């Protein structure tokens, strides 16, 4: 007569992280869901001011470039189309606006809690 052999009971499984549809309490650090802080802005207020200034320069450059329409469509006004304002000044202002935009993005915000 043979005696039946017992198989060992499996070890208890570790608790699984709940899915977003589960009824587990949210914000419980056991599951790795820390309470979320309020979202912070990506840039500082001064960076946004620089960005607005860059956009303003770009728009001014495009306004300087606009115009040049002749009242008579059969007449070409060379001096008005190829004027200094449209060919030289407007592109320089637009490029300056893009440089300001790059500066505004790359500028690091100042730390308000700096220890002196």
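Throughout, read-outs are computed from the coordinates displayed, never taken from laboratory work. Note that this is a predicted model, so its numbers are computed, not measured. Cβ sites come from the backbone with ideal geometry, for glycine too, and all protein chains shown count toward neighbours.
Quick look at the numbers
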item: Residues 65, 49, 106, sorted so that the one with the fewest Cβ neighbours within 10 Å comes first; result: 106, 49, 65
item: Relative contact order (%) - segment 41-106, alpha-carbon pairs under 8 angstrom, separation at least six; result: 55 percent
